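Where a number appears in this text, it was derived from the coordinates with a stated rule and is not lab data. A quick note: this is a predicted structure, and the numbers were derived from the prediction, not measured. Methodologically, a virtual Cβ is constructed for each residue, glycine included, from the backbone with ideal geometry; neighbour enumeration extends over all protein chains shown.
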Amino acid sequence: MASTVGVIFSSINEENIPELTRVRSMGSIPIGGRYRLVDFALSNMVNSGITTVGMITKNNYQSLMDHLGSGKYWDLARKEGGLILLPPYSDETEILYKNRLEALKGATAFLKKCKEDFVVIADSDAVYKLDYSKVIEYHIKNNADITLVYHEHEVVKSHYYMSFETAKDGRINDIEINPISGGVKKNYVNVMVARTAFLLRLIQDAIQHGYTSFGRDILSPGVSKFKIYGYELKGYYASITSLQKYFTTNFELLDKTVRKEIFGERDIYTKVNDSAPAKFAETAKVKNSLISDGCIIEGTVENSILFRGVKIGRDAIVKNCIIMTDNIIGENCNLSYVVSDKNSVIRDNRTLAGCEIQPYFIGKGSLI
Amino acid sequence: MLRKKECVAMLLAGGQGSRLYALTSNIAKPAVSFGAKYRIIDFPLSNCINSGIDTVGVLTQYQPLVLNEYVGNGQPWDLDRTFGGVHILSPYEAKTDTSWYKGTANAIYQNIRFIQMYDPEYVLILSGDHIYKMDYDKMLAAHKEAKADCTIACMQVPLKEASRFGILNTNPDGTIYEFEEKPAKPKSDLASMGIYIFTASKLFKYLELDNKDPKSEKDFGKNVLPAMLAAGEKMYSYRFEGYWKDVGTISSLWEANMDLLGVVPNFELSDRDRVIHSRSPLAPPAYIQGEVINSLVATGGEIEGKIINSVIGTNCVIEEGAEVIDSVLMGNITVKSGAKINYSIIDEDVVIGEKAIIGAPIAEAVKAESKTNGITVLGRAITVKKNGKVSAGEIVDKDV
């Protein structure tokens, strides 16, 4: 494939899901039992043959760094290229970047050094599988300036969504930044392809003109100036835009076809931690759940996602819950519609319940 | 700067493991799967890194492909080092003397130059077919404290089983006065665990002597240790208390797997202080829909059938209506609907067809005439067709 560098925004749209991003960045939100959100974009890049990835971080990126390490679990611990963290860069006059454009500005030094012809830019707030090399092929075939990836689905109201209208040949002829009407739309999934040199010129131009928004100031008016094409991502796509969306996306992984699509064929890479295999006691009753390594289950678990090292006590009943790493659920507890962040302890005999549209959230390291 | 290592470990991983029959047709014994996500060699390698030993030579000979691939650069055990780390040592062609490893002592002898690169004071000899957790550093401390020339780890075994082991006859201070390899009438119940620490200079000396002895079988237990004892070297026993199991036979391999089950198991893998590392596969968490009782299930499983008292390896698919009882499934195994598996060990990449019957319930199976105490064994990558049947105690290594 064409030589390509990847850039991932690990820290964008965090305001959508404050519960989980208070202690971490978007990309390091745990999902699906053993993964972090960033694993999907990063694995997609690796599986597309990309071997240089710049990871743009903002604040609270300790947990992200802990997860990514040297990049060896993604085969990105390399002498040439590999995984490169791009922490916020600012001179004396500036503070932390406030938007996508400023963040990209901070990455120009990295991009200038890259010898790769093409660049793929992706967010880390979504679960999907995509071979970016196909997008680049499409980009080259159309002789495009910019290719934006979209997914057709119904949106209820505008939620930082950018939607397109495309011509028959795939060229985008209109971009709405804040669509007012709902319905089935071609929604931007925040994956963009361009030639590296072209992107650098765009950024340079934006600095000169004092632009602040990539979508509003560059892409939307760019429709007439540049050849912008849309590439359709078919199949499963879920972006984590709220705690409720986080909740339902996890449960969608209980569906065999979704699981096959996301995890089948090509692996989703993640940090490995060598927990023992999951253990089911004599008294365990488990239905329709994902159970990770290191779990010890003595109670009942239904329609739930258990991350690594979770202990479910005797006679406890856990239904429709997401229980993150190293939680201890005491004996005779009754939990339903609960999202419990890492390292929490629920004492014996507690009953906790949320509901489908409003899960009960337990913060990291709580004792209840 | 002159660099050295205090202690270098040499792991004997060349054994054929013929008593594991179909499980070792194509792979070396240390590469055999164990406990749903591990391979036997994970235990000595993890023990090394958990004991602060970061230089390990792995001596391979028999069917090393899977083992070499698995050990790789040692990264899963943090043994990818710029100085030290894990090294696969295969027999090689030398200018004067070309040969396969002729025995455990000869294997080490042929790699003396590897050991000398690290200029160690001590050499730890390990074997690759035991399941246990041990702090070799404590044993090394005892060796140094006693100013011993050789320290042999040992543990108490039932006296009636003692004739299967190398037996140490010791004085009250722990010194060894006699070493008997598999004695018919054992005088003590202290069995050697096949774990030795040598003071390096003494090891080199006795390996040289042993190499020159044409009558020697080039074996530590039979030749080198008795020779050192006869020459009056200081040999100590080191008592190990804890779980240790030689998994050299089908029934002991089955038992060791079963020892992992239960909330308080005979052998605990989930304590976080001494983690057993492995090349963990990249599969999503296990999906459980069926009935799973008193069992282990590794990642990647799609479990819709019934599993009782069993160990289920990575990426196994157990379809609805299938039953797995008292069995060990190693990895990448598909059990189709209606199939029943009882008291069996099934190697990787096996497909069991619809309504196939594998083995028989324990109570019945143990009465069957077999080499495996009634355990049914299916070898790697075979397919059992729809309605196929494999009787209790049978060992199968081709499609049925």
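Around the amide H of B:Ser127, modelled in the peptide plane, lie the amide H atoms of B:Leu12, all under 5 Å away and 5 or more residues distant in sequence or on another chain. Scattering from the stretch B:108-193 was approximated by placing one identical point on each alpha carbon and applying the Debye formula without solvent; log10 I(q)/I(0) at 0.22, 0.25 1/Å stands at -1.20, -1.30.
Measuring max minus min along each principal axis, the C-alpha atoms of chain B give extents of 64, 51, 43 Å (largest first). For the protein assembly as shown, the alpha carbon convex hull comes to 200 Å³ per residue, rounded to a whole number.
B:Lys398 versus B:Lys386, label points 7 Å from Cα toward the beta carbon: distance in nm? The modelled label-to-label distance comes out at 2.4 nm. For A:Val53, the residues whose amide H sits under 5 Å from its own are A:Gly6, A:Gly82, A:Leu83, A:Ile84, ignoring neighbours fewer than 5 places away on the same chain, with H placed 1.01 Å from N. Among B:Thr334, A:Thr52, sorting on how many other beta-carbon atoms sit within 10 Å of each Cβ, with the fewest leading, yields B:Thr334, A:Thr52. Karplus-derived 3J(HN,Hα) values for the stretch B:22-28, using 6.51 cos²θ - 1.76 cosθ + 1.60 with θ = phi - 60°, are 4, 6, 10, 4, 10, 9, 6 Hz; glycine and proline are entered as x.
Taking the fewest neighbouring Cβ atoms within 10 Å as the starting point, the ordered list for B:Met155, A:Met26 is B:Met155, A:Met26. Evaluated over the stretch B:274-400, the count of Lys pairs having alpha-carbon atoms less than 12 Å apart is 12 (only pairs 8 or more residues apart or interchain). By the count of other C-beta atoms within 10 Å, a proxy for reagent exposure, A:Val149, B:Val335 are ordered fewest to most as A:Val149, B:Val335. Considering every residue in A:282-290, what mean count of other chain Cβ atoms within 10 Å of its Cβ is obtained? Partner-chain Cβ atoms within 10 Å, mean over residues of A:282-290: 6.
Report summary: the helix-based calculation at 222 nm, which adds -39500 (n - 2.57) for every DSSP H run with n ≥ 4 and divides by the residues of chain B, gives -4500 deg cm²/dmol. Comparing Cα centroids, the stretch B:131-184 and the stretch B:305-369 end up 39 angstrom apart. Put simply, the convex hull of the Cα atoms in the stretch A:1-72 casts, on average, a shadow of 5.1 nm². Among DSSP beta bridges whose residues both lie in the stretch A:1-115, state the antiparallel percentage, nearest 5. Close to 20 percent. With K and R counted +1 and D and E -1, the other residues having a Cβ less than 10 Å from that of B:Ile333 yield a net charge of -3. Label zone of A:Asp169 (point 7 Å out along Cα→Cβ, amide N under 13 Å): in the stretch A:121-157 this covers A:141-145. For the pair B:Lys187 and B:Lys371, a Förster radius of 30 Å applied to the C-beta separation gives a FRET efficiency near 0.50, rounded to the nearest 0.05. For the stretch B:359-400, backbone nitrogen atoms closer than 18 Å to the point 7 Å from B:Asp349 Cα along Cα-to-C-beta are found at B:378-385, B:396-400. Between the stretch A:197-236 and the stretch B:225-256, the alpha-carbon centres lie 69 Å apart.
Amide H to amide H distances under 5 Å link A:Val339 with A:Ile322, A:Tyr360, A:Phe361, A:Ile362, where only residues 5 or more positions off or on other chains count and H is placed in the peptide plane. Direction-averaged projected area, Cα convex hull, the stretch B:126-261: 9.0 nm², rounded to one decimal. The alpha-carbon of B:Lys187 sits under 20 angstrom from the alpha-carbons of these lysines, leaving out residues fewer than 8 places away in its chain: B:Lys160, B:Lys222.
With helices as the sole contributors, chain A gives -6000 deg cm²/dmol at 222 nm; each DSSP H run of n ≥ 4 counts as -39500 (n - 2.57), and the sum is divided by every residue.
Averaged over peptide A:258-269, the number of partner chain Cβ atoms lying within 10 Å of each residue's Cβ comes to 2.
Take every DSSP beta bridge with both residues inside the protein assembly as shown and express the antiparallel ones as a percent of the total, to the nearest 5.
35
Peptides B:140-153, B:48-61, B:31-44 ranked from most to least packed by the mean count of surrounding Cβ atoms within 10 Å: B:31-44, B:48-61, B:140-153. The smallest convex shape that holds all Cα atoms of the stretch B:171-237, its convex hull, gives 97 Å³ per residue.
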